[in-house]
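The values are calculated or read from the model by the stated rules, or taken from the named source; none is laboratory data. Keep in mind that what you see is a predicted model, and the values were worked out from it rather than measured. When we count neighbours, we look across all protein chains shown, and the Cβ atoms used for this are built from the backbone with ideal geometry, even at glycine.
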Amino acid sequence: MATYQDIVSKPTPLAPGHRMCAGCGIPAIVNSIIAASDKPVIVANATGCLEVTSTIYPFSAWNVPWVHLTFENAAAVAAGIETAYKALKKRGKIKDDVNIIAFGGDGGTYDIGIQALSGALERGHRFLYVVYDNEGYMNTGNQRSGATPFGADTTTVPAGTKSIGKTQWRKNIVEISAAHRIPYAAQAAAHNVVDIYNKAKKALSADGPSFLAVLQPCTTNWKYDTALTMKYSKLAVETNFWPLYEIENGKVHINYKPKERKPIEEFLKGQGRYRHLFKPENRYAIEEFQSLVDEEWERLLKLEESGAKL
């Protein structure tokens, strides 16, 4: 089992000096994942928070081979890199093994890039796709995405006298990916870097495509104090809003089960995007939110207990 020392003792692939927001957990996510690789890494990075803040021209915070892509084609380019690599290795022009990792935000993964992701997974290209999930188009001003949870206030679905914000539940991107019958898919959260590292280790050793969704609370557009990112990441897990689990060859395994599940209010309160739900006339939405969380958790438990493949 990995320790924090295993992570921090590795070279830092994403150097200090980038321009990510104070309190952003993306650097910890990226460094933990790349630290899990025992081979040289090639990174394909979709447009989004990570890309725009780490490569302000003419500077770059990246200490590994890196390519910038549009929102929609990170998975397609990663698949192209993998195909070119295999061809060059077959011809004897490359001898070293490498790991290919694609990073994208939820907008570029759940929505804009889902076609390229689905195609690459279905074709079986061997690479790891990572979505750092801050639950909206945060790079462009907090527009609603397919990852945005129920009840959240966004600029495109604002809360008001006639609206509670987004009325749909979020997509289950991990199970969507697993449905392609890939060997490994998992869900992690920013505060638990050892769990991230362990899952990345499994993903990178998988014989085929792998997928990792990591919750990344956004201090700017979730609207909380910059010191509380890891608190909200942990609360997301402790309330069962964001379970830590993995799907290996179709079988579900839950990595953490809270001994005393906290009510969803503990996760929602203090976030500006949910402030409106605590008005008396909107309390019903919190109850509905809790029901949605409980329903999803029970479904996940049953999948694990049955041992059946998805």
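None of 43, 67, 30, 52 is of a type outside the set (S, T, N, Q) and touching a Leu at 6+ places or on another chain (Cβ under 8 Å) except 30. Of the numbered criteria (1) closer than 22 Å to residue 233 by Cα; (2) crowded, with 24+ Cβ neighbours inside 10 Å, the one residue 31 fails is (2).
Rundown of residues vs (1) crowded, with 17+ Cβ neighbours inside 10 Å; (2) closer than 18 Å to residue 36 by Cβ; (3) among the aliphatic types (A, V, I, L, M), yes/no style:
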site: 189; (1), (2), (3): yes, yes, yes
site: 226; (1), (2), (3): no, no, no
site: 237; (1), (2), (3): yes, no, yes
site: 246; (1), (2), (3): yes, yes, no
site: 266; (1), (2), (3): no, no, no
site: 273; (1), (2), (3): yes, no, no
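Number of residues in segment 287-310 that are closer than 13 Å to residue 239 by Cα and either in contact with a helix residue (DSSP H, G or I) (Cβ under 6 Å, 6 or more places away or on another chain) or modelled with pLDDT under 95 (or both): the value is 3.
Would you mind finding the one in 273, 299 that is within 20 Å of residue 171 (Cβ to Cβ), among the charged types (D, E, K, R) and touching a residue at least 24 places away in the same chain (Cβ under 8 Å)? Within the list 273, 299, the selection yields 273.
When the criteria are applied in full, residue 118 fails the requirement of being of a type in the set (S, T, N, Q), under 19 Å from the mean Cα position of the chain (by Cα), farther than 20 Å from residue 196 by Cα and surrounded by 23 or more Cβ atoms within 10 Å (Cβ to Cβ). If the condition is being of a type outside the set (A, V, I, L, M) and part of a loop (DSSP other than H, G, I, E, B), then segment 231-256 contributes 239, 240, 241, 242, 243, 249, 250, 255, 256.
From the list 232, 256, exactly one residue is surrounded by fewer than 16 Cβ atoms within 10 Å (Cβ to Cβ), of a type in the set (Ser, Thr, Tyr) and modelled with pLDDT of 95 or more. Which is it? Result: 256 is the single residue among 232, 256 that is surrounded by fewer than 16 Cβ atoms within 10 Å (Cβ to Cβ), of a type in the set (Ser, Thr, Tyr) and modelled with pLDDT of 95 or more. Of the residues in segment 276-292, at least one is surrounded by 12 or more Cβ atoms within 10 Å (Cβ to Cβ), in contact with an Asp or Glu (Cβ under 7 Å, 6 or more places away or on another chain) and not acidic (Asp, Glu).
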